[in-house]
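Step one of this worksheet: look at the structure below.
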Amino acid sequence: MSETIFSKIIRREIPADIVYEDDLILAFRDIQPQAPIHILVIPKQPIESISTVTPADQAVLGHLMVKIQQIAAEAELVNGYRVVTNIGADGGQTVSHLHFHILGQRQMAWPPG
Ligand code: 5GP
């Protein structure tokens, strides 16, 4: 896959408000927040989206899923939150590097727009 802005954030070539990092994943605040808390969680390895995941990605994505609750707790999302990943054009994906939005500190609506 071609490189995205998120690779530049991982390499610290552009600034981001990073809230969590380890060897496998990075979490940082969205530049255009759609809720009072809006954090993006990404694998450091460049995976395009859920639709291109392979069995080789299982460990990193399992790790990412386990870490979401910690990142949400550190953001004090005590009343719940939403985790969203957009896939492709119809899914509303604008950055082609897999990312999970953590949205919280407001009441979420359903169905989403
Ligand atoms: P998508 O629309 O692909 O699901 O989500 C991409 C998200 O990345 C959007 O919510 C957008 O605001 C965010 N985003 C795009 N460019 C940047 C950036 O340079 N820095 C940060 N922190 N977020 C970005």
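Considering only residues that are outside any loop (DSSP other than H, G, I, E, B) and over 14 Å from the mean Cα position of the chain (by Cα), which ones fall in the range 73-96?
Narrowing the range 73-96 to residues outside any loop (DSSP other than H, G, I, E, B): 73-74, 81-84, 88-91.
ALA73, GLU74, GLY88, ALA89, ASP90, GLY91 - these are the residues of the range 73-96 that are outside any loop (DSSP other than H, G, I, E, B) and over 14 Å from the mean Cα position of the chain (by Cα).
Could you say whether any residue in the range 16-37 is under 17 Å from HIS101 (Cα atoms), in contact (Cβ under 8 Å) with a residue 24 or more places away in the chain, of a type in the set (Phe, Trp, Tyr) and touching a strand residue (DSSP E or B) at 6+ places or on another chain (Cβ under 6 Å)?
yes
Restricting the search to the range 65-96, which residues are in contact (Cβ under 8 Å) with a residue 24 or more places away in the chain, within 17 Å of PHE28 (Cβ to Cβ) and among the hydrophobic types (A, V, I, L, M, F, W, C)?
Residues satisfying the conditions are ILE68, ILE71, ALA72, ALA75, LEU77, VAL84, VAL95.
Which count do you get for residues in the range 27-51 that are of a type in the set (Gly, Ala, Ser), within 11 Å of the ligand (Cβ to nearest atom) and not in a loop (DSSP other than H, G, I, E, B)? Let's see the steps before the verdict.
Filtering the range 27-51 for residues of a type in the set (Gly, Ala, Ser) gives 27, 35, 49, 51.
Remaining after also requiring within 11 Å of the ligand (Cβ to nearest atom): 27, 35, 49.
Filter once more, so that each one left must be not in a loop (DSSP other than H, G, I, E, B): 27.
Qualifying residue count for the region: 1.
Starting from residues that are within 11 Å of the ligand (Cβ to nearest atom) and surrounded by 13 or more Cβ atoms within 10 Å (Cβ to Cβ), keep the ones in the range 8-17 and report whichever is farthest from ILE47 (Cα to Cα).
Taking the range 8-17 and keeping what is within 11 Å of the ligand (Cβ to nearest atom), we get 8-9, 13-17.
Subsequent filtering for residues that are surrounded by 13 or more Cβ atoms within 10 Å (Cβ to Cβ) retains 8-9, 16.
Working: LYS8: 15, ILE9: 15, ALA16: 20 Å.
Filtering the range 8-17 for residues that are within 11 Å of the ligand (Cβ to nearest atom) and surrounded by 13 or more Cβ atoms within 10 Å (Cβ to Cβ), the one farthest from ILE47 (Cα to Cα) comes out as ALA16.
Say whether the condition of being under 15 Å from ILE5 (Cα atoms) and either small (Gly, Ala, Ser) or within 16 Å of the ligand (Cβ to nearest atom) (or both) is met by at least one residue in the range 62-84. Break it down into steps so the answer makes sense when it comes.
Going residue by residue through the range 62-84, those that are under 15 Å from ILE5 (Cα atoms) are none.
Taking every residue of the range 62-84 in turn, none turns out to be under 15 Å from ILE5 (Cα atoms) and either small (Gly, Ala, Ser) or within 16 Å of the ligand (Cβ to nearest atom) (or both).
Of the residues that make up the range 97-105, is at least one without any contact (Cβ under 8 Å) to a residue 40 or more places away in the chain and assigned to a loop (DSSP other than H, G, I, E, B)? Step through it out loud before you land on a result.
Start the filter on the range 97-105 by keeping residues that are without any contact (Cβ under 8 Å) to a residue 40 or more places away in the chain, which leaves none.
No, that holds for no residue.
When you scan the range 51-72, how many residues do you find that are under 12 Å from the mean Cα position of the chain (by Cα) and either among the hydrophobic types (A, V, I, L, M, F, W, C) or crowded, with 18+ Cβ neighbours inside 10 Å (or both)? Write out each step before concluding.
So the first thing to find is which residues in the range 51-72 are under 12 Å from the mean Cα position of the chain (by Cα), and the list is 61, 64-65, 67-68, 71-72.
Restricting the remaining residues to those that are either among the hydrophobic types (A, V, I, L, M, F, W, C) or crowded, with 18+ Cβ neighbours inside 10 Å (or both) gives 61, 64-65, 68, 71-72.
Number satisfying all stated conditions: 6.
Values quoted throughout were computed directly from the atomic coordinates according to the rules given, and no laboratory measurement underlies them. All values derive from a computational prediction rather than experimental measurement. Positions of Cβ are generated from backbone atoms using ideal geometry, with glycine treated the same way; all protein chains shown enter the neighbour counts.
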